[in-house]
Amino acid sequence: MLKYVTATIKSNERIASGIYRMALDCPDADLRHFVPGQFAHIKVPAHPELLLGRPISLNEVHAESHTAVIVYQVKGKGTAALSETEAGTRAEMVIPVGRGFHLSAADKTVFLVGGGVGIAPLLTVIQKWPDRHYEAFLGYRGIDYAYCQNDFAACKAVNIASDDGTIGEKGLVTALVERRLKELVPDAVLSCGPPPMLKALKSLLEPLGVSAQVSMEQRMGCGFGACATCVCGVYGKDGLDYKKVCVEGPVFDLYEVAL
């Protein structure tokens, strides 16, 4: 059953333009059963006027030390206030939340495709299943917005693209994926990023029949599945349906999501 726990902020630092990394001590959270792709739904400390929690990707999870690391982008009042929160502050959160990624024993070669703040949750995949052939494809706006690129060193290859060409190749990260697919078709693709990136990725992978999963980034209200604020369109046997990202996701089959 989902419930709020109290965590203590160990550190909160800016790691790129508008992007922050927060480490949390979560002794009461069930981190041992964490699945990559799950997230934290955190209330902004000392701001009772901000009633709703904020869904934030989990970038690292260390169950033995009760530590979780989240990476978030400042987009509004809530995340702006969160970026000013100091170490030692206590925060209420639900963690971990949602359905995560899955890999079968047959998924030996895996592409990780991330754009912007959507890169953050992909790192936990390597930590959970280290015995795979990973290739990372990371897309940034520019070098000022780049983060975590060195954390993917365990991958066989790290391919980087940026909108302005200040880091990696200039252009879309999906162009790098398209080029690599001509040489190697993976067993699975796990992704997270903006809808245009996901739509382009879907068009590349679907003709090849590659298994693909996506972690959806949606605005949320309660985080428990009660308010239906975070629904996204998903195609099923009976046509288009709507599912709650907080509890029925955030990870879905890429080909089922309406983009």
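The values are calculated or read from the model by the stated rules, or taken from the named source; none is laboratory data. If you're wondering where the values come from, they're calculated on a predicted model, not measured in any experiment. For neighbour counting, all protein chains shown are included, and Cβ atoms are generated from backbone atoms with ideal geometry for every residue, glycine included.
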Taking into account only those residues within the stretch 202-259 that are among the acidic types (Asp, Glu) and closer than 27 Å to residue 54 by Cβ, which is modelled with the lowest pLDDT? 217
Filtered residues of the stretch 40-53 (kept if part of a loop (DSSP other than H, G, I, E, B) and either farther than 16 Å from residue 73 by Cα or among the hydrophobic types (A, V, I, L, M, F, W, C) (or both)): 44, 45, 46, 47, 48, 49, 50, 51, 52
State whether the residues of the stretch 54-61 include one that is surrounded by fewer than 19 Cβ atoms within 10 Å (Cβ to Cβ) and part of a strand (DSSP E or B). yes
Of the residues 239, 193, only one is under 20 Å from residue 101 (Cα atoms), of a type in the set (Gly, Ala, Ser) and out of contact with any His (no Cβ under 9 Å at 6 or more places or on another chain); which? 193
I want to confirm something. Restricting to the stretch 25-53 and keeping residues that are of a type outside the set (Gly, Ala, Ser) and within 30 Å of residue 167 (Cα to Cα), which single residue is surrounded by the most Cβ atoms within 10 Å (Cβ to Cβ)? 39
Total residues in the stretch 3-46, condition farther than 23 Å from residue 125 by Cβ and touching a Gly at 6+ places or on another chain (Cβ under 8 Å): 4
Out of (1) surrounded by 15 or more Cβ atoms within 10 Å (Cβ to Cβ); (2) out of contact with any Phe, Trp or Tyr (no Cβ under 6 Å at 6 or more places or on another chain), what's the single condition that is false for residue 153? (1)
